[in-house]
1. Enumerate the calculated ³J(HN,Hα) couplings along region 256-264 in order (Karplus 6.51 cos²θ - 1.76 cosθ + 1.60, θ = phi - 60°), each rounded to whole Hz, writing x wherever the residue is Gly or Pro.
2. Starting from the amide H of D352, placed 1.01 Å from N in the peptide plane, find each other amide H under 5 Å away whose residue is 5 or more places distant or on another chain.
3. Per the Debye formula with a single identical scatterer at each Cα and no solvent contribution, what log10 I(q)/I(0) holds for region 110-260 at q = 0.12, 0.17, 0.19 Å⁻¹?
4. What list of ³J(HN,Hα) values in whole Hz, one per residue of region 79-88 in order, does the Karplus curve 6.51 cos²θ - 1.76 cosθ + 1.60 (θ = phi - 60°) give from phi, with Gly and Pro shown as x?
5. Given that compact globular proteins tend to follow 2.2 N^0.38 Å, what is the ratio of the alpha-carbon Rg of region 216-306 to that value?
6. May I ask you to evaluate 6.51 cos²θ - 1.76 cosθ + 1.60, the Karplus curve with θ = phi - 60°, for each residue of region 368-383 and list the ³J(HN,Hα) values in order in whole Hz, giving x for glycine and proline?
Amino acid sequence: MDGTETRQRRPEELVLPHKLSPGRLSAASEDGPLSESESQRAVPKPLGTELSRETALSIGLQVVVPFMFAGLGLSGAGVLLNYFQHWPVFVEVKDLLTLVPPLVGLKGNLEMTLASRLSTAANTGQIDDPREQHRVISSNLALIQVQATVVGLLAAVAALLLGAVSREELDVAKVELLCASSVITAFLAAFALGMLMVCIVIGARKLGLNPDNIATPIAASLGDLTTLSLLAFVSSFFYKYKDNRYLTPLVCIGFMALIPVWVLIAKQNPPIVKILKFGWFPIILAMVISSFGGLILNKTISKQQYQGMAIFTPIICEINSISARVLLFLVVPGHLIFFYIIYLVEGHLVPDSKIFVVFYLLASLIQVTILLYLAEVMVRLTWHQALDPDNHCIPYLTGLGDLLGTGLLTLCFLINWLLRSEAGLDGFSEPASGPP
């Protein structure tokens, strides 16, 4: 088999488990049934040899630096969230807080699935040819723009419905602001992070590294910072011009009108067409699951016993979601490092209790263990159903990670507050001295 033939192999043919028969291989192909001669071809030896040499140590060395970088970025995202929650628009339109988990979770639903598809294409040599590279990248970027626009609007609707159930009130102006802010934030964040994923995958390919081990942590580190900042500034802009009743509806209509353009670009790539038709259920369900995590955040973030929860939410939701089994040992030391960093930056908001630290680390271990177990089960199920795990497993795990992280973190703060209350303490250290 020559080099050209190797580069033309489809990703789905190269990552299937060895137990699958040629018939199952044909069924799992996104491009349609393969010919008999194609299905009987052996996996290219150079690629198989390269992947088999990727040991746990090599994976750990490739991931540990991006992992720590991700933690620093998420620590910054927590500080930003704690800062943004006091802005007038977040105080007035409380449903914006419900939007935070599903919007930041879009990087798991969209950008990380994009990174997985591009990494597979890179590992199989599909993007080595410039023309093929342009086609694969442009169609994938167009796909996530369609998904981001639609899911951004649906996330706003879900936040409004959850808010309406609990408050029984609906302000039209706030509805328009929420929808416009969500759509623009999702669109811009998807574009920025999508381009970043493309650069990372191509760069990793040229350096001979596995993009799967690098792209996800970096997306996590910059994704929350980017999405939170966009949501805060975009919503503040609309809040400033809330008297202009035509601005927000026109923005929503304009972005929705661009969807046919992105669809036409995405149709260059046949496998992407299949995702456009049948890939909506995972990301929409993941968004709904994350929205319940957002509702928990919305209801607890402003209460005294949960003070400081905004800072820890991005870390516990995202760090554990990007942990792999080979890096399970990094969960506890990683969280301790990030906990200490937050304590140095926002010490007056961190519960001054060893009990809280113990429960926080325990919650982190419980969350990552559940996610790792579910990941293994879901991948096996998707393979059994001849589905692509890149497009089906990652969104579910991201949504569950948000819900588990927010729920367990809330439980940690509640237990700490109850124990400290029984001891006659307030549970928090005194504010650090210095200028406000």
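1. Each residue of region 256-264 in turn: 5, 5, 7, 4, x, 5, 5, 5, 4 Hz.
2. Sorted by chain and number, the residues that satisfy this are F428, S429.
3. So the normalised log intensities are -0.58, -0.94, -1.07.
4. 5, 4, 4, 5, 6, 5, 5, 9, 5, x
5. Taking the Cα Rg and dividing by 2.2 N^0.38 Å, one obtains 1.46.
6. Per residue, the Karplus-derived 3J(HN,Hα) values read 5, 5, 4, 5, 5, 5, 5, 4, 5, 5, 5, 5, 4, 5, 5, 5 Hz.
Bear in mind these aren't lab numbers, they're just calculated from the coordinates by the rules spelled out. Since the model is a prediction, treat every value here as computed from it, not as a measurement.
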